[in-house]
1. Kindly list the number of the only condition in (1) assigned to a helix (DSSP H, G or I); (2) at pLDDT below 85; (3) of a type in the set (D, E, K, R) that fails for ARG290.
2. So, of the residues in region 162-216 that are at pLDDT 90 or above and of a type in the set (Phe, Trp, Tyr), which turns out to be nearest to ASN251 (Cα to Cα)?
3. Evaluate the following for PHE176: is it of a type in the set (Phe, Trp, Tyr) and within 18 Å of the chain's Cα centre (by Cα)?
4. Restricting the search to region 158-187, which residues are surrounded by fewer than 18 Cβ atoms within 10 Å (Cβ to Cβ) and closer than 25 Å to SER35 by Cβ?
5. Can you confirm whether region 156-164 contains a residue that is part of a helix (DSSP H, G or I), among the small types (Gly, Ala, Ser) and within 24 Å of GLN102 (Cβ to Cβ)?
6. When you check SER238 against the structure, is it part of a helix (DSSP H, G or I), at pLDDT below 90, polar (S, T, N, Q) and out of contact with any helix residue (DSSP H, G or I) (no Cβ under 8 Å at 6 or more places or on another chain), yes or no?
7. Mind counting the residues in region 217-231 that are of a type outside the set (A, V, I, L, M, F, W, C) and either surrounded by 12 or more Cβ atoms within 10 Å (Cβ to Cβ) or modelled with pLDDT of 90 or more (or both)?
8. Looking only at region 244-260, decide whether some residue is modelled with pLDDT under 85, among the small types (Gly, Ala, Ser) and part of a helix (DSSP H, G or I).
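The values are calculated or read from the model by the stated rules, or taken from the named source; none is laboratory data. It should be emphasised that the depicted structure is a prediction, and the values quoted were computed from it without experimental measurement. Cβ: placed from backbone, ideal geometry, glycine included. Neighbour counts: every protein chain shown.
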Amino acid sequence: MSAMTPSQRNLLIYEFGRKLNLPYPMGLPEMLEESLEIYRRNFIVLFSLALVPALFGTILGTIGGLGQILITGVLKENAFIAAIVFVYILFIFTNIIGYGAQIWAVGQVILGKPISFWQSWMAVLKRLGALMVTILIAVFPTVAGLLLCCVGIVFTSVVFIAVLEQIVLIEGVAYFRAISRHVQLVFPNWEWGRVLGFYLASWLIISVVSTLLNWISVVLVFLGEIWHEVLPLTTRISFLVISQLWGQMVNALVMPYWGVFMTLLYFDLIARREAYDLGVLVERWETMGR
């Protein structure tokens, strides 16, 4: 394999890649299409995994909104702000867990292994401590990008965090080793530029689709703000609950696709940097004729 020319390598990978379910290097359109196909085939499991943080987000968002509607007075408002900060931290925590469960499930699918709802949750819960500490460590160099303005924070986010959860959950490494491996995969030889382009393109698609689907939530929030002095309290609370529920259901529907895309991007990186696809090709060679 070491004497293989680039053209021979491409012939093997692109000729047999799909037949062997091979995570070979992909371009952006191909990766977007493959992400949609993986999501479609595993929709029930991935959507159900996303529903858990969505339901938590609905509850937490409703609590925060009710406080804004009902609480008056300076001391009560200060307590409300503190409560909102706490609720927001819980919201981030539940989303990291839910996103991690989706990542683990997608990783198993790409590796050709079966998945289930409970198996995915148990896998991420077993690695939860390592995952949270690793992300916390990675936040510090990422936030340093603020010194370089908005462009800097986007750059450092890609270099230190883009596929960090994939490394922790799929490879089983954590802390500084995981961050170091992430940098080794993403940063060298202007690879970060391609990752940044893929990251921003996928984020833009997700944002547009979410905005288009989330119009009901936006309308209800707008009406509640415009007519807050006219609408009965029960109606305003109903608007709040419906808008929170609708928005979180949209997230549960759309965000797993981004998890699939970013996990495919992780496998794309190790295929490009470490010839992972060739290793899988050799392992599965005997099944080609079946």
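1. Every listed condition holds for ARG290 apart from (1).
2. Top of the filtered list is TRP203.
3. On the way: of a type in the set (Phe, Trp, Tyr): yes; within 18 Å of the chain's Cα centre (by Cα): no.
So PHE176 fails the test.
4. Taking region 158-187 as the starting set, the residues that turn out to be surrounded by fewer than 18 Cβ atoms within 10 Å (Cβ to Cβ) are 171-173, 175-177, 180-181, 183-184, 187.
Across region 158-187, the qualifying residues are GLU171, GLY172, VAL173, ARG181, VAL183, GLN184, PHE187.
5. Quick first cut of region 156-164, residues part of a helix (DSSP H, G or I) only: 156-160, 164.
Those still in the list that are among the small types (Gly, Ala, Ser) too: 157.
Pick out the ones that are also within 24 Å of GLN102 (Cβ to Cβ) and you get 157.
Within region 156-164 (the criterion being part of a helix (DSSP H, G or I), among the small types (Gly, Ala, Ser) and within 24 Å of GLN102 (Cβ to Cβ)), the answer is yes, since at least one residue qualifies.
6. Values: part of a helix (DSSP H, G or I): yes; at pLDDT below 90: yes; polar (S, T, N, Q): yes; out of contact with any helix residue (DSSP H, G or I) (no Cβ under 8 Å at 6 or more places or on another chain): yes.
Here the answer is yes, as SER238 does meet what is asked.
7. Residues of region 217-231 of a type outside the set (A, V, I, L, M, F, W, C): 217, 224-225, 228-229.
Next, from what is left, pick out any that are either surrounded by 12 or more Cβ atoms within 10 Å (Cβ to Cβ) or modelled with pLDDT of 90 or more (or both): 217, 224, 228.
Qualifying residue count, region 217-231: 3.
8. Restricting attention to region 244-260, the residues satisfying the condition of being modelled with pLDDT under 85 are 244-248.
Right, trim to among the small types (Gly, Ala, Ser) and you get 247.
Adding the requirement that they be part of a helix (DSSP H, G or I) leaves 247.
Scanning region 244-260 turns up at least one residue that is modelled with pLDDT under 85, among the small types (Gly, Ala, Ser) and part of a helix (DSSP H, G or I).
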